[in-house]
Each structure stands twice: as C-alpha cells, then as structure tokens.
Amino acid sequence: MTKTILITGAGSGIGKDSAFALAARGHRVLATTQTQAQAEALAQESQNKGIHLEVFKLDITLESDRKLIEPFAIDVLVNNAGMGESGSLAEVDMQRVRKIFEVNLFCTLELTQLALSGMIQREKGTVLLVSSIAGRVPMPFLMPYSMSKFALSAAGAGLRAEMDQLKKNIHIALIEPGAIHTGFNQAMTDSKYKWMGPSSYFAHQAQKMQKQERATFKFLEAKNTDGIVKQIIKACEATRPKLRYTSPWIQGFGVRMARIFGV
Ligand SMILES: NC(=O)c1ccc[n+]([C@@H]2O[C@H](COP(=O)([O-])OP(=O)(O)OC[C@H]3O[C@@H](n4cnc5c(N)ncnc54)[C@H](OP(=O)(O)O)[C@@H]3O)[C@@H](O)[C@H]2O)c1
C-alpha cells in the first residue's frame, strides 16, 4: 500500500537518497529542505531523474515553516534533518550546545507534535526519528552531537511507549545510522577547529587529532547510503515498526558490545 511520507532535510545525503528511493517505490513523497535554493535544486533533480517528488522548503527551526505540514494527511514523518557540532565539553560554548539541541531535539519534537495531532485524529501514522549510534555510546569530542542524539533516542523510546498506551495505531521508531559517507562527519569533526584557539586545552594535539579523525572516518564510513535507506524503507512500510533500525549492522553490533562491556 502506498503512503504519504514527509521527509525533512531531504536536500542532501540520507534524506535525499531516501526520498528518491521511496518515491521510486510508488509512495507520495513530500521532500522538504532547509533552504529555498536546495528545494529548487532538488525539484530540478527530481525532474531530471523522472522520479516525482513534491518539494518545498521547511526549516524545522521556523514555526511558520513547520505549520506548512498541517494540510497534509501524513502517514509517515521521517525526521531526518540534523546538524553536527564537535568539541570538548570542557570548553565548548554552551550556545553551540543549545543550538544543536534546538535543531536535533526540540524542533524535531515540535514538528513531530504537529504531525502527531493529525495522525491521532486519523488513528494511524508512523514517526521515524533519525538518531545515530552516537546516541547509544558517548563519543569524546563529539559530545554536543552525541548528547543531542542520546536525548532524541530516549525521546523516541518514551514517546513510543506513550503512543502504545493511546492505542490509536501510532508507531514511533528510531533510525540509527552508523558512520556513512555523506560529508556530514567531516563537517562535524572539523567544526571545532573553527573556534578552538591557541588557548584551547587541546590546542597542542589539534593537528594530530584532526588527522586521526579523518583516518578513522575514512576507515569506518560506509561508502554510500544504500544500507540505511533500506532500513528507512523497511520502517516506513512496516505495519508495526520495531523500535530500532540500524545500519551498517556491524557498527550497531559494535555499539551493543560497547554498552554490554560498560563503555
Ligand atoms: N552520515 C552519518 O554518518 C550519520 C550518522 C548518524 C546519524 N546521521 C544522521 O542522519 C541525518 C542525515 O544526515 P546526512 O549524513 O545525510 O547529512 P546531511 O547531508 O548534512 O543531511 C542533513 C540535512 O539536514 C538539513 N538540515 C539541517 N538543519 C536543518 C533545519 N533547521 N531544517 C531543515 N533541514 C535542516 C541539512 O541542510 P544543510 O545542508 O543546509 O545544512 C541537510 O540537508 C542527520 O540527522 C544525521 O544526524 C548521519
């Protein structure tokens, strides 16, 4: 059965690839982007590919943009929009941490609440929260991001239990990508070097750290989004989605082991 699926942050990466893959399977896809320029580029790409997407700008931090979803009878909301921020918790400016929580948690939940009001009325719907395996184990120097995804994963699990009690056929699931090459990780790990000056506690090792981070992600990252897009499709099409969808599985397994052994 085809569904109406709204995706946030579909201007690039996992969101864009999921939008095309879901539309190619016959779903009505509302592919939304942070900026108008991204919306225009995506609409053009959709035309070139001959895969129909309904595209519009939806910056999730703007209430007026969030309200744009109200007229649609959304079956599945894919909360994919997200930002990265890195740096040590010993010195990162809390405004940066507040900003990432604003995008990755608060505004994601505000959009979810709006979508849920229609879903609860219609007595059906699924909300996917694109979290991360960084929301399962703390990641040093990525803690602003990691904490935001911990909070999002906790929110998803709690909201799922609440919706189960409501018995209105509403399902909440977490999508947990591991490291995937979209450019996101490079931008995130580099973000701290824009503000870590010579007085940073870690200034003496910054160059070595940056080199190590690049090598680690080069080694770890899945080369494309195929695995996680498959998981998103599964979650979108499931009658009763499970709580977690993870890819690559080996990274999910690694995180489970890390939790068992108390990291
Ligand atoms: N790639 C990975 O290894 C990885 C791992 C775990 C989890 N994830 C999660 O997967 C999701 C997609 O990431 P990706 O790897 O595909 O990176 P990406 O290409 O940077 O995708 C993130 C998208 O979200 C958009 N966005 C940011 N703030 C927004 C806002 N306020 N309103 C609407 N859209 C906004 C970005 O727009 P701009 O380009 O304008 O910033 C971008 O299009 C994110 O939630 C990320 O945390 C990724």
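In segment 48-71, the residues that are farther than 14 Å from Gly15 by Cβ reach residues that are part of a loop (DSSP other than H, G, I, E, B) and within 16 Å of the ligand (Cβ to nearest atom) with C-beta atoms within less than 8 angstrom, at least six apart or across chains, in these pairs: Asp65/Leu58; Asp65/Asp59; Arg66/Leu58; Arg66/Ile60; Leu68/Leu58; Ile69/Leu58.
Go over the candidates Ser146, Ser153 one by one and state the one that is out of contact with any strand residue (DSSP E or B) (no Cβ under 9 Å at 6 or more places or on another chain) and either among the hydroxyl-bearing types (Ser, Thr, Tyr) or on the phi > 0 side of the Ramachandran plot (or both).
Of the residues listed, the single one that is out of contact with any strand residue (DSSP E or B) (no Cβ under 9 Å at 6 or more places or on another chain) and either among the hydroxyl-bearing types (Ser, Thr, Tyr) or on the phi > 0 side of the Ramachandran plot (or both) is Ser146.
Helices (runs of 4 or more DSSP H) fully within segment 153-252 that include at least 3 residues being within 11 Å of the ligand (Cβ to nearest atom) and open to solvent by 30 Å² or more (accessible area, probe 1.4 Å): 184-191. Taking the criterion of being over 19 Å from Thr246 (Cβ atoms), at pLDDT 95 or above and part of a helix (DSSP H, G or I), would at least one residue in segment 125-136 satisfy it? No; the residues of segment 125-136 include none that is over 19 Å from Thr246 (Cβ atoms), at pLDDT 95 or above and part of a helix (DSSP H, G or I).
Within segment 101-139, the residues that satisfy the criterion of being crowded, with 18+ Cβ neighbours inside 10 Å and within 10 Å of the ligand (Cβ to nearest atom) are Val103, Asn104, Cys107, Thr108, Leu111, Leu129, Val130, Ser131, Ser132, Ile133, Ala134, Gly135.
The values are calculated or read from the model by the stated rules, or taken from the named source; none is laboratory data. Here the structure is a predicted model, which is why all the values come from computation and not from measurement. Cβ coordinates were reconstructed from backbone atoms using ideal geometry, including for glycine residues, and neighbour counts include every protein chain displayed. All accessible areas refer to the heavy atoms of the entire protein, side chains included, with ligands and DNA or RNA removed. Shrake-Rupley method; radii C 1.70, N 1.55, O 1.52, S 1.80 Å.
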